[in-house]
Amino acid sequence: MKKMILILPLVLIFACGDNTTEAEMHHDRSKESHAHGDHKEHGDHHKSANEYMHQSNMDELIQRFESPERDAYQQPEKVLSYLGDLKDRKIMDIGAGTGYFSVKLADKGAQVIAADVDEKFQNYLKERIEKDKLQNIELRKIPYDGPALKDQEVDKVLIVNTYHHIEDRPAYFAKVKKGTKKDGELVIIDFFKTETPVGPPVDHKIAMDQVIAELKEAGYTEFNVNVDLLDYQYIIRAK
């Protein structure tokens, strides 16, 4: 399939993310309104999304995040190729979880900050790094309200299947922008807001236009959107 890439300039327009199976998606089908700018609704949504993910215990989450089924739809090698040369780039992986992308980014030569709010995931990844003697991965436990980045600390920030877990996103991503170098970028990969065989329920997903609106509020002005690389997910690159 031919890629479709849209360049959208300004004038035109916490724990690890969910990777649930179709059977798991039937627990919650009620439609909710996610009006932009309503902090109470954002808070309720944030709480609901996290409660949904943590219906599973840690072992189940690890198995799910690192499964061949995830490889089949996430297509990590295709994603990494799309992101270009990563060697010696400093990249923060927000919602790193088990290290699914962190490990692969480091394998490509990136200097990775594997960031997560969940200490259990951080402990799991610490053990994984030590056991497999992985290089170039720094663990960073972050608060719910920001990435804990120094000013212009990283070249790139990657956030996969985690955007909908974040509350007060414009304020959060303003901090992400401040922590990214001037020529760097934010990359968001998340599920289309429609029924899909994988991913969270539709009412937990965030539509692309809402993501872009919130990132504009955070200070981003240039957007590159790809909707064809992956079957069930969009990719937004923001600067």
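The values are calculated or read from the model by the stated rules, or taken from the named source; none is laboratory data. All figures in this text were calculated on a predicted structure; none of them were measured in a lab. Ideal geometry is used to build each Cβ from the backbone, glycine not excepted, and the neighbour counts take in all protein chains shown.
Overview of results
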{"item": "Cβ pairs under 7 Å, 6+ apart, first in region 122-133 and assigned to a helix (DSSP H, G or I), second modelled with pLDDT under 95 and not polar (S, T, N, Q)", "result": "Y124/I62"}
{"item": "Residue in region 95-110 that is part of a loop (DSSP other than H, G, I, E, B), charged (D, E, K, R), over 16 Å from the mean Cα position of the chain (by Cα) and buried (at least 16 other Cβ atoms within 10 Å of the Cβ) present", "result": "yes"}
{"item": "Some residue of region 181-192 being more than 24 Å from Q75 (Cβ to Cβ) and either of a type in the set (K, R) or crowded, with 23+ Cβ neighbours inside 10 Å (or both)", "result": "yes"}
{"item": "Candidate set from region 206-239 (those that are touching an Asp or Glu at 6+ places or on another chain (Cβ under 7 Å) and part of a loop (DSSP other than H, G, I, E, B)); member that is farthest from G95 (Cα to Cα)", "result": "K239"}
{"item": "Some residue of region 150-170 being modelled with pLDDT of 95 or more, part of a helix (DSSP H, G or I) and hydrophobic (A, V, I, L, M, F, W, C)", "result": "no"}
